[in-house]
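Notes follow once the structure below has been shown.
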Amino acid sequence: MVMKGKKGVILGIANKKSIAYGIAKACREQGAEVAITFLNERFEKKLAPIATELECGTRLYPCDVSKPEEISALRESLARDMGEIDFIVHSIAFAPKEGLSGRFVDTPKSAFGISMEISVYSLIEIARELRPIMSDSSSILTLSYYGGVKYVPNYNLMGVAKAALEMTVKYLAEDLGRDGIRVNAISAGPIKTLAAAGISDFSFLLKWNGHHSPLKSNVTIDQVGNSGMYLLSDLSSGVTGEIHYVDAGYNIMGMPAVNFDENGKPTIAWNGE
């Protein structure tokens, strides 16, 4: 088992449909010891059965990243219960509703600030606070999306946040490399998660990606989870600062693939249904 002897913390599981859950499950199946965090009391109740499944024991900790004291408390809890850790999964993103609808030019400054703090700065803060308890061959992984490099309808402010997150990965990779810490991101294809529910017309986006990706499918949390496990394991010991796409190849497409009718005329053989 490639993660045997590894210990780490997963931040951002909401339920069993979460990408972070897929990563946690893959790491656990490969022998890792994991801890998970919850946002508030409501999520603590939801995550208790998942913590049991992942054999976390009492390693289910509160961590609202908008509260620095909870990040510090997380470090103390991890140090007490796990000692040194080998990996961190940062699966945290948020944009107020007004940042995900309407014209982008009308994005409120308050929404912009909140999104950047929760979706981007939290990665920096977590890396800084937990660095003292990280091993000298450890890995940090965060989650991005194609909307951070190309325009995606209705992604709006979240796209800008993901663009900032991807550059944060690169700057952290250089800075923390001297400490033996690797930093990477997975850019997953669209998946029906709790976060995706906040994006208008997500079902159309899901169908479009599935139809026009080279593999003619969408990805699953298990596929993303296995890729995440690889980036957290020693199998990827020479990889850092990378944005690894797990999207059935959709990101390579410059335009939709076309078919040809009986007269040789190009068509896009899909009506969105």
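The values are calculated or read from the model by the stated rules, or taken from the named source; none is laboratory data. Everything numeric here is computed off the predicted structure, so don't read it as measured data. In this analysis, Cβ positions are derived from the backbone assuming ideal geometry, glycine residues included, and neighbour counts consider all displayed protein chains.
Observations on the model:
- Checking Leu100 against (1) of a type outside the set (Asp, Glu); (2) within 19 Å of Gly12 (Cβ to Cβ); (3) in contact with a strand residue (DSSP E or B) (Cβ under 7 Å, 6 or more places away or on another chain), the condition it does not meet: (3)
- Within the set Pro214, Pro266, the sole residue that is surrounded by fewer than 12 Cβ atoms within 10 Å (Cβ to Cβ) and either over 20 Å from the mean Cα position of the chain (by Cα) or modelled with pLDDT of 95 or more (or both) turns out to be Pro266.
- When we screen Ile191, Ile221 for residues that are modelled with pLDDT of 95 or more and within 27 Å of Asn15 (Cα to Cα), the only hit is Ile221.
- For the stretch 146-202, filtered to residues that are under 23 Å from Pro132 (Cα atoms) and basic (Lys, Arg), the residue that is surrounded by the fewest Cβ atoms within 10 Å (Cβ to Cβ) is Arg178.
- The stretch 47-73: number of residues that are farther than 19 Å from Ala32 by Cα and either touching a residue at least 24 places away in the same chain (Cβ under 8 Å) or surrounded by 14 or more Cβ atoms within 10 Å (Cβ to Cβ) (or both): 10
- Breaking point among (1) surrounded by 23 or more Cβ atoms within 10 Å (Cβ to Cβ); (2) free of Cβ contacts under 8 Å to residues at least 60 places away in the same chain; (3) aliphatic (A, V, I, L, M), for Leu141: (2)
- Counting only strands (runs of 3 or more DSSP E) that fall entirely inside the stretch 24-126 and contain at least 2 residues that are β-branched (Val, Ile, Thr), the qualifying elements are 33-38, 85-90.
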